[in-house]
Amino acid sequence: MVSAEHTTTPAVRGRRRRAGPRTRPRAASLALHGVLLCASGAAVLPVVWIVLTSLKPRGAWQSTRIELFHDPSPANYVQVLGSTSFLTWFANSLVVAGGTTALALLLAATTGYALSRFRFPGMRPLLWTLLVTQMFPVAILIVPLYNVLSGLGLINTHLGLTLTYLTIAVPFSAWMLRGTFDTIPVEIDEAGRVDGLSPLGTFWRLVLPLARPGLAVVAFYAFITAWGEVAYATAFLTTDATATLAVGLGQFVGQQKAEWGMLSAASVLIAAPATVVFLLVQRHLVAGLAAGSGKS
Amino acid sequence: MATTLSPAPGAPPRLRPGRGGGGARAAAGRLRRAASRHFYAWLLVAPVAAVTAVLIGVPFARGLYLSLTDATEATVGRTVGADEIPAAYDVVGAGNYLAILSGEVGEFWPRLAWTVVWTVVCVACHYGLGLGLALLLQRPVRGRAAYRVAMVLPWAVPPFVTAFTWRFLFNQDYGVFNAALGAVGLPAVPWLNDPFTAKVAVIVVNVWMGVPFMMLALLGGLQSIPREHYEAARVDGASAWQRFVHITLPGLRPVSAPVVLLGTIWTFNQFPVIYLVTGGGPGDSTELLVTYAYRMAFSGIRDYGGSAAYGMLILVLLAAMALVYQRAFRRGGGAW
């Protein structure tokens, strides 16, 4: 946290202040608020605009004038929920992203612990592998994975897509969890050992419960990553019944004419819950990310 | 911190009585001791090692192999109904790579040039704006929490929703930008239908998406710089600019170094923004290396071999970049 007023960091070149007093010049204060307001506006306006568009009657987006309100109505929402596969896509996304998150955490938790606590032969190569796979462009694995999955008959299945997402989520979760476990004092483990717990017992009974906030952060990241993935989903899911949101929504944006009314309503329905959760946990997200990436 | 909790030698983990056979013969004994000493660590990492090997290692090896062949959708082996169609592609060695690097297929060099421009501009804007806003938000200012939440908002919106949203905003006929231009009597701009403005548009979208992450990370970094450094500098009569250059920037280094590298990799490999906002168009003017490789594999003749080679080249570029980057920072004395 920032402590006292007089330790303010200079932000802009040339904005120099005489040291000491608790108030800043009126002009500087105005400038500061002005810049912050502009930045906030730029961040918020696109979102606000989509929300407003979603509340306009169907077809009202085809207006060449800027109108904030225009007979607000839930018509777009009714249309999206009632006569498209939106709910199916939503459920599909939940299944795939949820499955990916659960599997990734289950697999990665012990690895993160081992990487944090033990020194063992093979540790460096493993760490490097986890890091390097994060820079894999989607283009590297997508063709071979497609071929492998189609060989196994898993193209256009949620299991296939979940397995695919594990290639992203597992290295990433293991890497981040290592950072989480690093923040838990080793004395806890030692105490467990003294009390006669096995290393696995120590991990399960003492360390894991303490790591719960970190686990939640990693789970959230993994979920969001899978939830928003586009490339694999587009390539591997071929029917409307299996599509996830990222794929399904594309249907509203046809080549010729996009259904922006429905699209905006769908966007709000997707983004609203995620946004609420996100804003609640953002502080922890950054801490978790710093813990995960700042090491090694 | 190097937390070494490997079981102390001579204190083998419990739960394994009776194994080890007394540890008499030296060489075998040492091997066995190593195994027993690291047994738990290996057991704990086994799931991830297995998953990585099977889900990433195997496809990667196969991708490497495919990149050396002329496999396409038509020649790759597959099963149609009960019939097994054997693979009919040949190994062509470095053929794909040569064809790509010589510019024969895939327009590699112009693509690379645009991808580099895209990455540099985006990351520079992410970092510059992120740092500027973090510095402003770090000051004691009324409503700071509200400003912060507002500015983090873009990060909370799923990328594909962001892409669709901006595509609407940039719409030539009904988009808000052209409506605003029209309101002040200016002609509409064909944002996504002109190669240059389309490039500007996708960069704007990506910058909008990426600034919040940088801002929050740098805000965390700023708060970890000891206040006393600023006090001391002030006593020594350092100007605001001097304090920024000599205290703030070096103090941010442990945070800056990894987030800039991460941001560069993410931006270089950015898929949804390009794919969903412009679809690579108009023409293929906004297509990045990654989206181009994707299109090679999943549209037209589905050139699997060429696409795999393209992907490998991207990985080589990124790995080289990361290596150089890390070296540079090591030499600079950074902790990272």
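The values are calculated or read from the model by the stated rules, or taken from the named source; none is laboratory data. Note that the structure is a prediction, hence the values are computed from the model and not measured. Don't worry about glycine lacking a Cβ; one is built from the backbone with ideal geometry, like all the others, and counts go over all protein chains shown. Just so you know, the surface numbers come from the protein's heavy atoms only, side chains and all, with ligands and any DNA or RNA stripped out. Shrake-Rupley method; radii C 1.70, N 1.55, O 1.52, S 1.80 Å.
With just the Cα atoms defining each centre, how far is the range B:120-148 from the range A:192-256? Give it in Å.
So the separation of the two Cα centres works out to 29 Å.
Using only the Cα atoms of the range B:202-305, what are the Rg and Dmax in Å?
20.7, 69
Using Stokes-Einstein with the Kirkwood hydrodynamic radius over Cα pairs, what translational diffusion coefficient do you get for chain B at 20 °C and a viscosity of 1.002 mPa s, in µm²/s rounded to a whole number?
86 µm²/s
Express the carbon and sulfur contribution to the solvent-accessible surface of the range B:193-243 as a percent, rounded to the nearest whole number, probe 1.4 angstrom.
The C+S portion of the solvent-accessible surface of the range B:193-243 is 61 percent.
Dipole magnitude of chain B about its Cα centre, charges +1 at Lys/Arg Cβ and -1 at Asp/Glu Cβ only, in debye to the nearest 20?
Computed charge dipole of chain B: roughly 2280 debye.
Cα centroid distance between the range B:177-220 and the range B:243-282, in Å?
Using only Cα atoms, the two centres lie 17 Å from each other.
Considering Cα pairs under 8 angstrom that are at least six residues apart, work out the relative contact order of the range B:184-296 and quote it in whole percent.
Relative contact order of the range B:184-296: 36 percent.
Rounded to the nearest 100 Å², what is the sum over both chains of accessible area buried where B meets A, with a probe of 1.4 Å?
In total, this chain pair buries about 10100 Å².
Give me the log10 of I(q) over I(0) for the range A:70-162 at q = 0.11, 0.12, 0.26 Å⁻¹, as the Debye formula computes it from C-alpha points; what are the numbers?
With one equal scatterer per Cα and no solvent, log10 I(q)/I(0) is -0.58, -0.66, -1.24.
Taking the Kirkwood radius as the inverse of the mean 1/r across Cα pairs, report the Rg/Rh of the range A:142-254.
1.17
Quick check for you: with a 1.4 Å probe and neighbouring chains kept, what is the accessible area per residue of the range B:106-299, in Å²?
That works out to 36 Å² per residue.
Counting only complete DSSP H runs, which helices of chain B cover 30 Å or more along their long axis at the Cα atoms and score a mean Kyte-Doolittle of 1.6 or above?
Membrane-span-like by this criterion, though nothing is claimed about a membrane: none.
Quick one: what are the phi-derived ³J(HN,Hα) couplings along the range A:30-45, Karplus 6.51/-1.76/1.60 with θ = phi - 60°, whole Hz, x for glycine and proline?
For the range A:30-45, the Karplus curve yields 4, 4, 4, 5, x, 5, 5, 5, 4, 4, 4, x, 4, 6, 8, 4 Hz.
Going by accessible area, probe 1.4 Å, with all protein chains left in place, what is the ranking of A:F220, A:F118, largest first?
Accessible-area ranking of A:F220, A:F118, largest first: A:F220, A:F118.
How much of the accessible area of the range A:52-189, in percent, comes from carbon and sulfur atoms when a 1.4 Å probe is used?
Whole-percent figure for carbon plus sulfur exposure: 68.
Return the tail of the calculated pair distribution for the range B:106-299, meaning the percent of Cα-Cα pairs more than 21 Å apart.
59 percent
Among A:158-164, A:203-209, how do they line up by average Cβ neighbours within 10 Å per residue, starting with the highest?
Ranked from most to least packed, the peptides come out as A:158-164, A:203-209.
Calculate the spin-label point distance for B:V105 paired with B:A74, positioning each point 7 Å from the Cα along the beta-carbon direction, and give it in nanometres.
Reported label-point gap for B:A74 and B:V105 is 1.2 nm.
When the C-alpha atoms of the range B:252-334 are aligned to their principal axes, what extent does each axis show, in angstrom, from largest down?
50, 27, 15
For a protection proxy built on the mean count of beta-carbon atoms within 10 angstrom, sort B:250-262, A:183-195 highest first, please.
Descending mean neighbour count gives B:250-262, A:183-195.
Taking each residue in A:271-283, count the Cβ atoms of any other chain within 10 Å of its Cβ, then average. What number comes out?
Across the residues of A:271-283, the mean count of other-chain Cβ atoms within 10 Å is 4.
Between B:R234 and A:H284, with labels modelled 7 Å along Cα→Cβ, what's the label distance in nm to one decimal, could you check?
Here the modelled spin labels are 3.6 nm apart.
State, to one decimal in nm, how far the label point of A:V48 lies from the label point of B:Y325, with both points 7 Å from Cα in the Cβ direction.
Result: 3.5 nm between the two label points.
Pairs of Cα atoms under 8 Å, at least six residues apart: use those to get the relative contact order of the range B:106-299, whole percent.
Reported as a whole number, the value is 34 percent.
For A:M123 and B:A26, FRET efficiency with R0 = 22 Å and r from the beta-carbon atoms, rounded to 0.05?
FRET efficiency, B:A26 to A:M123: 0.30.
Would you please put B:126-138, A:225-237 in order of how densely packed they are, using the mean number of other Cβ atoms within 10 angstrom per residue and starting with the highest?
In descending order of packing, they fall as A:225-237, B:126-138.
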